[in-house]
1. Criterion first (aliphatic (A, V, I, L, M) and either touching a Ser or Thr at 6+ places or on another chain (Cβ under 9 Å) or free of Cβ contacts under 8 Å to residues at least 12 places away in the same chain (or both)) does L243 satisfy it?
2. Please note which helices (runs of 4 or more DSSP H) are completely contained in the stretch 268-355 and include at least 3 residues that are out of contact with any Pro (no Cβ under 9 Å at 6 or more places or on another chain) and modelled with pLDDT of 95 or more.
3. Using the structure shown, decide if F321 is over 17 Å from N352 (Cβ atoms), in contact (Cβ under 8 Å) with a residue 24 or more places away in the chain and among the aromatic types (F, W, Y).
4. If I filter the stretch 56-70 down to residues being in a loop (DSSP other than H, G, I, E, B), over 15 Å from F105 (Cα atoms) and modelled with pLDDT of 95 or more, which single residue comes out as most open to solvent (accessible area, probe 1.4 Å)?
5. Here are some conditions: (1) open to solvent by 50 Å² or more (accessible area, probe 1.4 Å); (2) out of contact with any strand residue (DSSP E or B) (no Cβ under 6 Å at 6 or more places or on another chain). Y289 meets all but one. Which one does it not meet?
6. Somewhere in the stretch 90-106, is a residue in contact with a Cys (Cβ under 8 Å, 6 or more places away or on another chain), in contact (Cβ under 8 Å) with a residue 40 or more places away in the chain, over 22 Å from Y338 (Cβ atoms) and not basic (K, R)?
7. Take the stretch 26-51 and flag every residue that is loosely packed, with under 10 Cβ neighbours inside 10 Å, modelled with pLDDT of 95 or more and at negative phi.
Amino acid sequence: MHTNKHPSIYSFICIILFLLLLSGCGKSSQTNPQPATPQEQTIVDMSEKTVKVPGTINKIVITCYGGATHEVVALGGADKIAAQPSMERFNTLSKMYPGFKNVPFVGSFDDVNVEEVIKIKPDVVISGKGAKKGNKLIEDVGIPVVTVSTGLGNIEDLKKEFKMIGDLLGKPEKADELISYWDKHLQLINERVAKIPMEKKKRVYYALGNLLHTNGSAYWGQHLITAAGGINAAQDLDKAKDLNIEQVINWNPDVMILSSNEGKFITIEDIKNNPQLRSIKAVQDNQLYLCPIGTFWWDRPAPEAILGITWLAKTLYPDTFKDIDIVKETKDFYQKFYSYTLTDQEINDFLNPKP
């Protein structure tokens, strides 16, 4: 009877082949290693301060008003906001992100509740650069603070802020997309208004929550008006904001734009019914307009402020911008940056704000 005398040799060969096969698979899987998420990243904030934050941001506390929430939302970080000031005044934002109603408020600027911030255990706090006292209290307990401009600065500063928030969220490509959108629209507006002779440019008075409260050259209203091709009637005020009615009458603006983002809501009827303003060209020509409000005021620095600049350019120079459809522009912007489809009624509400 014939028997196999070498079973152990065959078994040994099979084991070697199997191990070689495993080794080969291991090597092939290592040729495309997954990039490791950095443990830490460095951000230069709007105070020009270098801040070390976690490489991945999962939880954000916002302790300032002024567009920070809207930047985080437009750049894809809405679900990371763990605390912020109430957004209830912005109906569309509340509809788009109903979870914001349940997000706690832990104070703002220098009046911040550090104990409540600690309980949330955020990866980072976003705060206004002017809140030096409140920011230090948070930093002293070991939580990194990244500052934003909250209404100060100019268009170039705002674009830098978009880039900074994009880097913070790990969404640099989304920030680049937003900045490109701004650049494209600003270039189009600038090319057209550059052809308007200086003597035909509209003089604009910006009433901000009160007829006698405005923005001189030091504030965003200046950039809003000049980017749209207008002349800010109050530009010589610089940092002053309050004036007397005689100054408004003397300026005799061609157009008045009315905003409620400071003070109270001013209606067009308030201006029309003021006997002291009857001689003003803007009143006589019925050139009185309410500044639109979307997820935020369009006359404040935030992602959709470019829609406010476009709206104002078309308002001042309807013939120059007759091909610009502000309803379509707004729909496209919301689809692109908020992944939200606006209804015509929602846009109508933006363009015709009510108290």
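The values are calculated or read from the model by the stated rules, or taken from the named source; none is laboratory data. Quantities reported herein were computed from a predicted structural model and do not represent experimental measurements. Heads up, the Cβs are rebuilt from the backbone with ideal geometry, glycines too, and the neighbour counts pull from every protein chain shown. The accessibility values were calculated without ligands, DNA or RNA, using every heavy atom of the protein model including side chains. Shrake-Rupley method; radii C 1.70, N 1.55, O 1.52, S 1.80 Å.
1. So L243 fits the description; yes.
2. In the stretch 268-355, 268-272, 305-316, 326-338, 344-351 are the helices (runs of 4 or more DSSP H) which contain 3 or more residues that are out of contact with any Pro (no Cβ under 9 Å at 6 or more places or on another chain) and modelled with pLDDT of 95 or more.
3. Answer is yes for this residue.
4. N58
5. (2)
6. Step one: list which residues in the stretch 90-106 are in contact with a Cys (Cβ under 8 Å, 6 or more places away or on another chain), which gives none.
For the stretch 90-106, residues in contact with a Cys (Cβ under 8 Å, 6 or more places away or on another chain), in contact (Cβ under 8 Å) with a residue 40 or more places away in the chain, over 22 Å from Y338 (Cβ atoms) and not basic (K, R): absent.
7. Correct list: T50 only.
So that you can scan it fast, the table gives a plain yes or no per residue for (1) in a loop (DSSP other than H, G, I, E, B); (2) open to solvent by less than 10 Å² (accessible area, probe 1.4 Å):
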residue	(1), (2)
F162	no, yes
I165	no, yes
A175	no, yes
Q187	no, no
E191	no, no
K195	yes, no
V204	no, yes
E246	no, no
P253	yes, yes
